[in-house]
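Values in this text are rule-based calculations from the coordinates and carry no lab data. On a predicted model such as this, the values are computed, not experimentally measured, just so you know. Heads up, the Cβs are rebuilt from the backbone with ideal geometry, glycines too, and the neighbour counts pull from every protein chain shown.
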Amino acid sequence: MSHHHANPRSLLNTATRNLLDRVHRAGRPPMAVMTPEQARAFYDLGAPMLDLQPPPAVDRVADFLIPARDGHLLSARLYAPKTANLPVLLYLHGGGFSIGSLTTHDVLCRQLSRLGHCAVVSLDYRLAPEHRFPTALHDSWDALNWLHQHGQTLGLNVQQMAIGGDSAGGTLSAVCALMARDAGLNLRLQLLFYPGTTAHQDTSSHRTFSEGFMLDKATVDWFFGNYIDKTERDDWRFAPLNAPDHSGLAPAWIGLAECDPLVDEGVQYADTLRMAGVAVDLEIYKGVVHGFITMGRAIPDALQAHADAARAVRTAFEVTDTRSGRE
């Protein structure tokens, strides 16, 4: 997919264009000039303003802790319907490995639990630059394994597990899916919203949408500078497109934004998985930008993406769900 638009802004839908105009008029400083603490606080405050209000209701929301391999206790939040023995989606938030929290993705996790009829566990993995590559990945993998071993104590069906995330969280999910295959841990689905998958951000969409489409090149550079050394960027645990073998992976649902620097590598990843024989469901949402799925109040297309992703979750978890008599 290549974008050679004289005016890529003409691709934007009205709601998205209006949001970008408002953001531009507000004249906020770019994250790259903030400290990581300032950027995180800014995102925690700003994110809920663009998302659905009030937050969708779910039966059960509970905070708990998951131990990482070094003994650090990771904050996690469980969202669940009332039913026992629920399938579970481990959710890894976006934010360029540098920002984002249980707060910024609260609405999305509520939506996935409510519409997906499953439990969702949102993970507060450690952030860069205080914790550089591969800490975020280790935390994510440790949480997945902890849930697999101890999830039944939370009323979860650990035979029915999936992983998902957006942006950097999509990258972490894709890598965990590769690691799960290698470890013989059976996942029903990898749910990837506009994941980063390449080592060097050199696709044509990175040029077309480098400025003025929510995720600017300067921000991407700041995020990845926080997280990883240039010399490590080719590691498949940062760039899952570089993994030597993509066969035997969990089925993928991939949701992309058309006007996003990351769109091309998302399509490339979908193609790579398909070529390796993995079942892939790819949706490209027209006229929207990176981050739109957590901007449901500003960009109504988010609701369609929530519904599509939740349908993929229900399908993945119901395939062997004989109790309900559905195939």
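In table form, for the structure just shown:
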read-out	value
Relative contact order of the stretch 50-318, pairs being alpha-carbon contacts under 8 Å that are 6 or more residues apart, as %	20 percent
Mean ellipticity per residue at 222 nm, deg cm²/dmol - from DSSP H runs of n ≥ 4 across the chain, formula -39500 (n - 2.57)	-11500 deg cm²/dmol
Point-charge dipole on Cβ atoms (K/R +1, D/E -1) for the stretch 50-318, about Cα centre, debye to 20	720 debye
Percent of beta bridges antiparallel (DSSP, the chain, rounded to nearest 5)	30 percent
For peptides 255-264, 182-191, sequence by mean Cβ density within 10 Å, most packed first	255-264, 182-191
Residues whose placed amide H lies under 5 Å from that of Glu283, excluding near-sequence neighbours	Ile254, Gly255, Leu256
Theoretical gain in end-to-end length, Asn18 to Ala307 [0.36 nm per residue, Cα-Cα removed]	101.7 nm
Prolate/oblate/rounded call for the stretch 70-111, Cα gyration tensor, a/c under 1.5 rounded	oblate
For the stretch 42-118: rounded, prolate or oblate by the Cα gyration tensor [a/c cutoff 1.5]	oblate
Label-point gap, in nm, between Asp202 and Ala41 - each point 7 angstrom along Cα→Cβ	4.0 nm
The chain: most fluctuating residue of Met34, Met179, Met295 per GNM, C-alpha cutoff 10 Å	Met34
Dipole-positive endmost among His131, Leu50, Cys259 within the chain (Cβ charges, Cα centre)	Leu50
Length-normalised contact order of the stretch 92-153 in % [C-alpha pairs under 8 Å, at least 6 apart]	31 percent
Distance from the stretch 183-257 to the stretch 24-56 (C-alpha centre basis), Å	22 Å
Rounded, prolate or oblate (a/c below 1.5 giving rounded, otherwise prolate when a/b exceeds b/c) for the stretch 50-184 by Cα gyration tensor	oblate
Where labels lie 7 Å past Cα in the beta-carbon direction, separation of Ala84 and Ala218 in nm	5.6 nm
Amide N proximity, the stretch 25-69 versus Arg297 label position 7 Å along Cα-to-Cβ, cut-off under 19 Å	25-28, 41-58
Phi to ³J(HN,Hα) by Karplus 6.51 cos²θ - 1.76 cosθ + 1.60 over the stretch 93-108, Hz, x for Gly, Pro	6, x, x, x, 6, 10, 9, x, 6, 4, 5, 5, 10, 4, 5, 4
Order by protection proxy (mean Cβ within 10 Å, highest first), peptides 245-251, 156-162, 17-23	156-162, 245-251, 17-23
Cα→Cβ-extended label distance, 7 Å offset, between Ala276 and Asp245, nm	1.0 nm
Residue of Gly71, Gly225, Gly164 that the Gaussian network model of the chain assigns the largest fluctuation, springs spanning Cα pairs under 10 Å	Gly71
